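What follows is one structure encoded as structure tokens, with my remarks underneath.
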Amino acid sequence: LDSINKSKFIELTSQYGYPSRINIGREASVALILHFTTENDFHELKDLFKSELDKGNMLPKYYAWWYDRCQKNMNKPIFYGQYTNQKEFCGSEWTTFNERRKEINLEPLKGKATCD
């Protein structure tokens, strides 16, 4: 069922844009895209989602949640610091996450430059 939903979701998103406040009058739930987080899903959707993010159709936090969850599912480190239970970050991890978050217009993480 998820593969059918994904196929239809890709078709509709390609045609009309990511379902967001801009396109449908309210923000769509991030829950749907968090079902599409396998390695294959990541490779299939990353360009589409990045394009929708760049157009302003997809919220940066949705993109980062999806991206980080895909990273976790591929046994890779999270990229934006979004999909985690960690509340605060420090040092180079905090700096790196915030540099990446700035690139997609996502608010910075709480934390500090040094780890004490």
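Step by step: first the residues of the range 19-49, then only those that are assigned to a loop (DSSP other than H, G, I, E, B) and modelled with pLDDT of 90 or more, then the one that is most open to solvent (accessible area, probe 1.4 Å). Which residue is that?
The residue in question is THR38.
Note down all Cβ pairs under 7 Å where the first residue falls in the range 66-93 and is under 19 Å from GLU107 (Cβ atoms), the second is β-branched (Val, Ile, Thr) and exposed (fewer than 12 other Cβ atoms within 10 Å of the Cβ), and they're at least six residues apart or on different chains.
The qualifying pairs are CYS90/THR114.
Regarding the range 37-59, can at least one residue be identified that is among the acidic types (Asp, Glu), under 19 Å from GLU99 (Cα atoms) and out of contact with any Gly (no Cβ under 6 Å at 6 or more places or on another chain)?
The answer is yes; a qualifying residue exists.
Looking at ASN85, is it surrounded by fewer than 20 Cβ atoms within 10 Å (Cβ to Cβ) and either at positive phi or touching an Asp or Glu at 6+ places or on another chain (Cβ under 8 Å) (or both)? Before you say what the answer is, go through the steps one by one.
Values: surrounded by fewer than 20 Cβ atoms within 10 Å (Cβ to Cβ): yes; either at positive phi or touching an Asp or Glu at 6+ places or on another chain (Cβ under 8 Å) (or both): no.
Spelling it out, it is not the case that ASN85 is surrounded by fewer than 20 Cβ atoms within 10 Å (Cβ to Cβ) and either at positive phi or touching an Asp or Glu at 6+ places or on another chain (Cβ under 8 Å) (or both).
For the range 50-77, give me each residue that is open to solvent by less than 20 Å² (accessible area, probe 1.4 Å) and under 8 Å from the mean Cα position of the chain (by Cα).
TYR63, ALA64, TRP66, ASP68
The values are calculated or read from the model by the stated rules, or taken from the named source; none is laboratory data. Just so we're clear, the structure is a prediction, and the values are computed from it rather than from any experiment. Because the Cβ atoms are built from the backbone with ideal geometry, glycine has one as well, and the counts that use them run over all protein chains shown. Surface areas here come from the heavy atoms of the whole protein model, side chains and all, with no ligands, DNA or RNA. Shrake-Rupley method; radii C 1.70, N 1.55, O 1.52, S 1.80 Å.
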